[in-house]
Amino acid sequence: MSGAITEDKVYVYEAPVRLWHWINAASIVVLGVTGYFIAYPLPSLSGEASDHYLMGWIRYLHFIAGYIFAIGFVGRIYWAFVGNHHARELFIVPLWKPEWWKGFIDELKWYAFLKKEPAKHEGHNPMAQFAMFFMFVLGGLLMIVTGFAMYGEGTAPGSWAYNLFTTWVIPLFGQSLDVHYWHRAGFWLLVIFVMAHVYVAVREDIMSRQTMVSTMINGWRYFKDNRKD
Amino acid sequence: MAMETFYEVMRRQGITRRSFLKYCSLTAAALGLGPAYANKIAHAMETKPRTPVIWLHGLECTCCTESFIRSAHPLVKDVVLSMISLDYDDTIMAAAGHQAEAILEEIKEEYKGRYILAVEGNPPLNQDGMSCIIAGRPFHEQLKWMAEDAKAIISWGSCASWGCVQAAKPNPTQAVPVHKFLGSGYDKPIIKVPGCPPIAEVMTGVITYMLTFDRVPELDNQGRPKMFYSQRIHDKCYRRPHFDAGQFVESFDDEGARKGYCLYKVGCKGPTSYNACSTIRWNEGVSFPIQAGHGCIGCSEDGFWDKGSFYGHDAELNAFGIEANADTIGKTAAGVVGAAIAAHAAASAIKAAAKKGDE
Ligand code: HEM
Ligand code: HEM
Ligand code: SF4
Ligand code: SF4
């Protein structure tokens, strides 16, 4: 993480992490848009029911993107085990380390315009890491668990999703409607995460002392200066 | 005295052999079994000693009994009633007062571990159970006492299964469903037959299955018979093609309502309700709420009174005891974050410009 970085550049995000990031981002956009239209369907179409399959396609897209999101999520967890140490930052937030908290407060100050200059970070800055774990990782897990539980309701008893998720998720949350409501709460959580995340990524790219967006594209973190801190 | 068989009881109640056999084939058909089962059912009822059914009434509105006695086939109704009204059901039995209470004691002793306890309604526990007194005692005492020696319990309706309206917030009498009242230590099967009320054919189907086959129907992991509760209203709804097409009733008196479009946007809870309404329907299969143009309100689901409006899907959440509408909070939070981002971006731009100026 932070500390004294004097190199010009470091290799941070390996190819699988970068590939995953963009596939994941695309799947979430599709999930968010189609999910919204499941909750608040578009105005009714006229004509015969047999002429249309609009809601059907929206749900179908949602489920395909859901599978991609979930499989990607599992793949990303696998990569945390075999990838470099930056690959683990997403899942392990060192809340027990005082220096991490120092970095977190430092970052807060930078965002509150109380500091002229941010610290340099090889991997994620502590604030980003915090949001990535508590909003994205936990929120994503909630969406996968509730999503596949609802999916299993449609594919009926005996299907893998029903056996693996529906059976225990519905009683855990109360009843089927509660599962839908928590899935919707998770939707809003992720909407907020994505808004903040994209803003911060672009802003850091412009204003921080290091590259951001290109790092998630080519894997290299370039530092704009080689001062110690 | 030798134990009476069901067949003997029915004959004594004036049901002819012809009607009895007809009843057996109807039952086999109703339970989705092949015609060969009719003989098996007949044989079982001719040879097995009858199982007494005790039907207790706690805090409830009697809609389950009302539904039950309107079972579609008059013959089924007569036979099933003749089988179960023998013992104790304080709504429809002949005996009353001390005589009636004596029946309970007698059955509990004589048929220890061999009677079925059907419970309509639930026990309220506040004020020592004062909100429901049966024969001078709180209902919960009677329930516990009769549950001790039962072979199995049937929880009729949403009251006994989940709590229903008397358990809706703030639940002033602290009404609790039967399985919660008896607790996890209770070792006999509890069969939940939820609905407000349950469909008559579902009720007679469950009880007939238990009496004729002398076993508990296969249950899902929440204790509901799989044969009636394994699918949602939405899965078999005849308006489903309109849902998939994206054709919705937007308000109750619009063009879509006249054309019979899907009721999702006016709050139909069919997608989250496990019941047999869209297959068996109501009143001898005449109709069911969605067919009459009103969305499902989810009456067979746990806590359906407390899940927000019947006319929308506003995501009411109850997290850590705090009631909240996820959509309202979500939209507000997203708006606030959006505004904050815009303001922050503007401030950042100004700062950056000022810094450039300094250099
Ligand atoms: C980032 C992830 C996701 C987002 C933002 C998202 C969003 C949404 C939203 C807003 C709804 C509407 C909720 C309602 O009104 O009932 C919904 C429904 C649903 N989602 Fe997701 N979802 C996500 C992931 C998933 C996943 C991984 C699955 C698994 C296949 C899934 C399956 C479903 C299902 C089955 C429904 C209900 C469809 C229906 O009732 O017709 N979702 N989603
Ligand atoms: C739905 C949209 C998105 C989601 C859910 C998302 C999620 C994430 C996650 C979970 C990470 C951590 C990666 C890891 O440690 O493996 C990350 C990193 C990153 N994302 Fe996104 N992302 C999204 C869209 C975007 C977009 C549109 C951009 C570009 C403008 C972007 C730029 C970045 C950058 C630059 C990083 C690296 C941050 C750092 O080095 O600290 N993301 N994103
Ligand atoms: S009316 Fe209700 S149950 Fe029927 S398809 Fe529409 S949402 Fe589903
Ligand atoms: S359609 Fe829904 S609300 Fe109506 S009786 Fe059936 S389960 Fe209950």
**Q.** Under the span-like rule (Cα at least 27 Å along the axis, Kyte-Doolittle mean at least 0.5), DSSP H helices of chain B
**A.** B:326-358
Q. If r is the Cβ-Cβ distance from A:M195 to A:Y53 and R0 is 41 Å, what FRET efficiency results, to the nearest 0.05?
A. 0.80
Q.
Could you check the spin-label model distance between B:E148 and A:F81? Points 7 Å from the Cα along Cα→Cβ, value in nm.
A. 5.5
Q) For the range B:170-254, which trypsin sites (Lys or Arg not before Pro) are both in a DSSP coil and crowded by at most 16 other Cβ atoms within 10 Å? A) B:R215, B:K236
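Between B:T16 and B:K112, 0.36 nm times their residue separation minus their Cα-Cα distance comes to what?
Stretched out fully, the B:T16 to B:K112 stretch lengthens by 31.5 nm.
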Q | Cβ neighbours within 10 Å from other chains - mean over B:239-251 | A | 6
Q. What ranking do B:D253, B:D244, B:D214, B:D302 get, fewest neighbouring Cβ atoms within 10 angstrom at the top?
A. B:D253, B:D214, B:D244, B:D302
Q: Please find, in a Gaussian network model of chain B (springs between Cα atoms separated by less than 10 Å), the residue of B:P138, B:P35, B:P225 whose mean-square fluctuation is greatest.
A: B:P35
Q) Once the Cα atoms of helix A:98-111 and of chain A are each reduced to a long axis, what angle between those two axes, in degrees from 0 to 90 to the nearest 10, is obtained? A) 80
(Q) Working only with C-alpha atoms, what are the Rg and Dmax values of chain A, expressed in angstrom? (A) 20.6, 70
Q: Send over the Kirkwood Rh of the protein assembly as shown, from the inverse of the averaged 1/r over different Cα pairs, rounded to one decimal Å.
A: 28.0
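Kindly provide the chymotrypsin sites (Phe, Trp or Tyr not before Pro) of the range B:172-252 that DSSP labels as loop, not H, G, I, E or B, and whose Cβ sees at most 15 other Cβ atoms within 10 Å.
Those that pass, being in a loop and sparsely packed, are B:Y238, B:F252.
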Q: With label points built 7 Å along Cα→Cβ from the Cα atoms of A:I71 and A:I217, find their separation and express it in nm.
A: 2.7
Q: Take the alpha carbon atoms of the range A:1-78, find their center, do the same for the range B:212-255, and report the distance between the two centers in whole angstrom.
A: 30
Q) Is there a simple number for the mean count of other chain Cβ atoms within 10 Å of the Cβ of residues in B:299-308, and what is it? A) 3
Q | Angle in degrees between helix A:15-39 and the longest Cα principal axis of chain A, rounded to the nearest 10 | A | 40
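Going through the range A:56-158, which trypsin sites (Lys or Arg not before Pro) have at most 14 other Cβ atoms within 10 Å and a DSSP loop state?
Answer in residue order: A:K115, A:K116.
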Q | Degrees, to the nearest 10: A:54-82 long Cα axis against longest axis of chain A | A | 40
Q. Of A:L45, A:L19, A:L114, which is the most mobile in a GNM of chain A whose springs link Cα atoms less than 10 angstrom apart?
A. A:L45
Q. Using 0.36 nm per residue, how much length does the chain from B:I350 to B:A102 gain when fully extended, once their Cα-Cα distance is taken away?
A. 80.5 nm
Q | Dipole of chain A, positive end: most advanced residue of A:W220, A:L31, A:I68 [Cβ charges, Cα centre] | A | A:W220
Q: In whole Å, largest first, what are the principal axis extents of the Cα atoms in the range B:217-269?
A: 44, 17, 14
Q: Let me have the relative contact order for chain B, percent, based on Cα pairs under 8 Å that are six or more residues apart.
A: 13
Q.
Using a 10 Å cut-off around each Cβ, can you sort B:R258, B:R281 from fewest to most neighbouring Cβ atoms?
A. B:R258, B:R281
(Q) Over the Cα atoms of the range A:92-141, what radius of gyration and what Dmax do you get, in Å? (A) 11.6, 37
Q | Ranked list, fewest to most other Cβ atoms within 10 Å of each Cβ, for A:V200, A:V179, A:V82 | A | A:V82, A:V200, A:V179
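Rounded to the nearest 0.05, what FRET efficiency do A:L108 and B:E141 have when you use their Cβ-Cβ distance and R0 = 56 Å?
0.40
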Q: Would you mind getting me the FRET efficiency between B:M130 and A:W168? Use the beta-carbon distance for r and R0 = 45 Å, nearest 0.05.
A: 0.75
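Could you grab the Rg to Rh ratio for the range B:219-337? Cα atoms only, Kirkwood for Rh.
Rounded to two decimals, Rg over Rh is 1.03.
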Q | Principal axis dimensions, the range B:6-229 - Cα atoms, whole angstrom, descending | A | 53, 37, 31
Q) How much length is gained on full extension from B:M93 to B:K40, taking 0.36 nm per residue of separation minus their Cα-Cα distance? A) 16.1 nm
Q: Give the cysteines in chain B for which no other Cys Cβ lies under 4.7 Å away, or write none if there are none.
A: B:C24, B:C61, B:C63, B:C64, B:C132, B:C237, B:C262, B:C268, B:C277, B:C296
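Throughout, read-outs are computed from the coordinates displayed, never taken from laboratory work. Remember, predicted model here, so these are calculated numbers, not experimental data. Positions of Cβ are generated from backbone atoms using ideal geometry, with glycine treated the same way; all protein chains shown enter the neighbour counts.
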